[in-house]
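Undergrad: Mind looking over this structure? Questions follow.
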């Protein structure tokens, strides 16, 4: 099946790699022999146009992946006060698990049909997605979903876009309505005006004419052949790129027909514009972009790094503001004209249409409950899904298998993303303070720094469990307290929601070379030896200091250790060698060196052989996480997991899609670990 998904339109100079057997031949197209101008990129490769026909330039050696935003998951809110919108919480990244099909879930099928268009005087194809269990005795709202330029009726149904998966996954969580999704072909030239594909006004005219085909031919066909609920409150239109441009235009010109309008990274051309490709004559003057009957929801979005439509989406937003048209506008951090922009926009729009916001429903955004007017789980006396970010699409109440032990339950509760807002500080939440002190270490024969995070309202007559949190190589304790890492905000927010226990967090200096044996920093075994010696400083000096000076609960069931990178490596090592002391062990993107290993920088002599990575007393929780794109530790986290599996050691392994060796991976691992330790999961029973 040929893939027409237009991810981006860019102009660049490339070396033409035409050959008799190039990738395009296998897809039914010829290869470009002269042009070097890339007009589109899809999963197969780069495409251009020669002699008015699409041709292949170069195959895609690295298929485009869904790109996670790794650094900025700020929760945004927008209000439409006068057009019946409730507060809509915008998630600026579509959770990765929402894009994929899940085992045990039945997904809708789509049907390709033909209708006769008076507008084009031709038979035209149309894809119709019917809800699971479609019943003609029931009426369904309808969403018209429009592709970008040079796409067709199959474009938006390509699996990576998640059109069907996102819809059904939201429906499973009762976060959208059952609906019929109609995916048409947007190129609808008037008879005798058809032209070869190009980035010129004569070709755009065929897209501009689509409004007539939609209103006069497609919509009547749908009413006649399917069981649909009529009226603008039951009709939505959205699209990406040129489809977003046309959705906004049609939604406003025919606001009597469409109550919900979504423009995802909309292309220029509603108003007069000049982009890098061509001049757009415009369909309306800026002051004419006004709906006589304002849509119930108008939603515009765009990636902050969009190299194709640039700032045109924001310009539409500004025009609507100038015209006093209520709407929702948001930007998707780091997204280009790509899958991230599409899936995130579609996900938010589907979560907002057909009155779903008027109904009580689960809410994935974890901090909606922080506003004064929201109910908290405390007031109801029981935990609700809306207040619990642990709940996700694969773990819902009433559909949870029994677990054999605590770690089984943890495995069902972990998520492979960072819930939005969890690492943000809120005005109405009290956060713990950091107490900086020092202790004398016999191991190093020096006075050593340590940072201690004490719970809010710390009381000496109360006993607290303790988490030892270890930094990576080349840094000091203060590093783990950077706001970007969310050490305090994530912990404070989870405690506020009763999703983590009050605890003391101890952040020590891991480099513990004996006095006189310190060496310069370097990626070599001599320097690693100072980290390897930390186990002695921790057990013989730091832990006794904490026990003597703070009100702590003792015993391994009240003691946890975790860390990132070299700290994750040491946490795994110490947690297994001294499992009599540590009941909870978290290795976040752990570096090599616990067992034999060689990375691109050095050979690690190792602390244990692979068969020695066995705990005499198995930890209550052993948790290992690693990003799929980690350029620093690579596959070592997975290798540790494999070793533990071979050794029959129960543990939980989390792969973080798109995660690198960065703050995002650190936070995802830390978040999952913090909300799983000291018996907190038993409180969910």
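The values are calculated or read from the model by the stated rules, or taken from the named source; none is laboratory data. Bear in mind the structure is a predicted one, so any value in this text is a computation, not a measurement. Positions of Cβ are generated from backbone atoms using ideal geometry, with glycine treated the same way; all protein chains shown enter the neighbour counts.
Undergrad: Which numbered condition trips up residue 189, out of (1) on the phi > 0 side of the Ramachandran plot; (2) surrounded by fewer than 21 Cβ atoms within 10 Å (Cβ to Cβ)?
TA: (1)
Undergrad: Check whether at least one residue in the range 68-88 is surrounded by 13 or more Cβ atoms within 10 Å (Cβ to Cβ), assigned by TED's automatic domain parsing to the domain that holds residue 158 and at pLDDT 50 or above, and report yes or no.
TA: yes
Undergrad: Without any contact (Cβ under 8 Å) to a residue 40 or more places away in the chain, assigned by TED's automatic domain parsing to the domain that holds residue 233, out of contact with any strand residue (DSSP E or B) (no Cβ under 6 Å at 6 or more places or on another chain) and more than 18 Å from residue 241 (Cβ to Cβ) - does that describe any residue in the range 156-163?
TA: The answer is yes; a qualifying residue exists.
Undergrad: Also: Could you check the range 280-290 and list, in sequence order, the residues that are in contact (Cβ under 8 Å) with a residue 40 or more places away in the chain and in contact with a strand residue (DSSP E or B) (Cβ under 8 Å, 6 or more places away or on another chain)?
TA: Result: 280, single match.
Undergrad: Also, quick follow-up: Can you go through 501, 515 and tell me which one is surrounded by fewer than 24 Cβ atoms within 10 Å (Cβ to Cβ), touching a helix residue (DSSP H, G or I) at 6+ places or on another chain (Cβ under 9 Å) and in contact (Cβ under 8 Å) with a residue 60 or more places away in the chain?
TA: After ruling out the rest, the residue left standing is 501.
Undergrad: So which of 230, 176 ends up being out of contact with any strand residue (DSSP E or B) (no Cβ under 7 Å at 6 or more places or on another chain), modelled with pLDDT under 95, closer than 20 Å to residue 296 by Cβ and surrounded by 22 or more Cβ atoms within 10 Å (Cβ to Cβ)? Walk me through how you get there before you give the answer.
TA: On the way: 230 fails: surrounded by 22 or more Cβ atoms within 10 Å (Cβ to Cβ).
Testing whether each residue is out of contact with any strand residue (DSSP E or B) (no Cβ under 7 Å at 6 or more places or on another chain), modelled with pLDDT under 95, closer than 20 Å to residue 296 by Cβ and surrounded by 22 or more Cβ atoms within 10 Å (Cβ to Cβ) leaves just 176.
Undergrad: Quick one: which strands (runs of 3 or more DSSP E) lie wholly within the range 428-499 and hold at least 1 residues that are over 25 Å from residue 557 (Cα atoms)?
TA: Output list reads 433-441, 446-454.
Undergrad: Separate question: Please work out which residue is surrounded by the most Cβ atoms within 10 Å (Cβ to Cβ), limiting yourself to the range 143-173 and to residues that are under 20 Å from the mean Cα position of the chain (by Cα) and in a loop (DSSP other than H, G, I, E, B).
TA: 162
Undergrad: Here is a further query. From 665, 625, 676, 655, grab the single residue that is buried (at least 24 other Cβ atoms within 10 Å of the Cβ) and assigned to a strand (DSSP E or B).
TA: Residue meeting the stated conditions: 625.
Undergrad: Looking at the range 596-618, which of the residues that are touching a helix residue (DSSP H, G or I) at 6+ places or on another chain (Cβ under 6 Å) and within 27 Å of residue 557 (Cβ to Cβ) is modelled with the highest pLDDT?
TA: Among them, the one singled out is 613.
Undergrad: Residue check, residue 670 against (1) closer than 21 Å to residue 418 by Cα; (2) in a loop (DSSP other than H, G, I, E, B), all met but one. Which one?
TA: With (1) closer than 21 Å to residue 418 by Cα; (2) in a loop (DSSP other than H, G, I, E, B) applied to residue 670, the lone miss is (2).
Undergrad: Something else about it: Any chance you could count how many residues in the range 511-545 are touching a strand residue (DSSP E or B) at 6+ places or on another chain (Cβ under 6 Å) and modelled with pLDDT of 90 or more? I'd like the intermediate steps shown before the answer.
TA: Residues of the range 511-545 that are touching a strand residue (DSSP E or B) at 6+ places or on another chain (Cβ under 6 Å), as a first pass: 515, 537, 541-542, 545.
Filter again for modelled with pLDDT of 90 or more, leaving 537, 541-542, 545.
Count: 4.
Undergrad: While we're on this one: If a residue has to be without any contact (Cβ under 8 Å) to a residue 40 or more places away in the chain and within 37 Å of the chain's Cα centre (by Cα) to count, how many in the range 183-202 make the cut?
TA: Total meeting the criteria: 1.
Undergrad: Tell me, please, whether a residue that is within 26 Å of residue 111 (Cα to Cα) and assigned to a helix (DSSP H, G or I) can be found in the range 188-198.
TA: no
Undergrad: On to the next question. Tell me which residues, restricted to the range 570-598, are more than 24 Å from residue 679 (Cβ to Cβ) and either part of a strand (DSSP E or B) or not assigned by TED's automatic domain parsing to the domain that holds residue 631 (or both).
TA: Residues satisfying the conditions are 597, 598.
Undergrad: For the range 305-318, does any single residue satisfy the condition of being out of contact with any helix residue (DSSP H, G or I) (no Cβ under 9 Å at 6 or more places or on another chain), surrounded by 20 or more Cβ atoms within 10 Å (Cβ to Cβ), farther than 29 Å from residue 222 by Cα and without any contact (Cβ under 8 Å) to a residue 60 or more places away in the chain?
TA: yes
Undergrad: Here's something else I'd like to know. Identify, please: which residue in the range 519-548 is farther than 19 Å from residue 594 by Cβ and in contact with a helix residue (DSSP H, G or I) (Cβ under 7 Å, 6 or more places away or on another chain) and is, among those, surrounded by the most Cβ atoms within 10 Å (Cβ to Cβ)?
TA: The residue in question is 519.
Undergrad: Filter the range 321-366 for residues that are closer than 26 Å to residue 494 by Cβ and more than 16 Å from the chain's Cα centre (by Cα); which is modelled with the highest pLDDT?
TA: So, considering only residues that are closer than 26 Å to residue 494 by Cβ and more than 16 Å from the chain's Cα centre (by Cα), the one modelled with the highest pLDDT is 360.
Undergrad: Then there is this: How many residues, within the range 456-465, are surrounded by 13 or more Cβ atoms within 10 Å (Cβ to Cβ) and either modelled with pLDDT under 95 or out of contact with any strand residue (DSSP E or B) (no Cβ under 8 Å at 6 or more places or on another chain) (or both)?
TA: Result for the range 456-465: 2.
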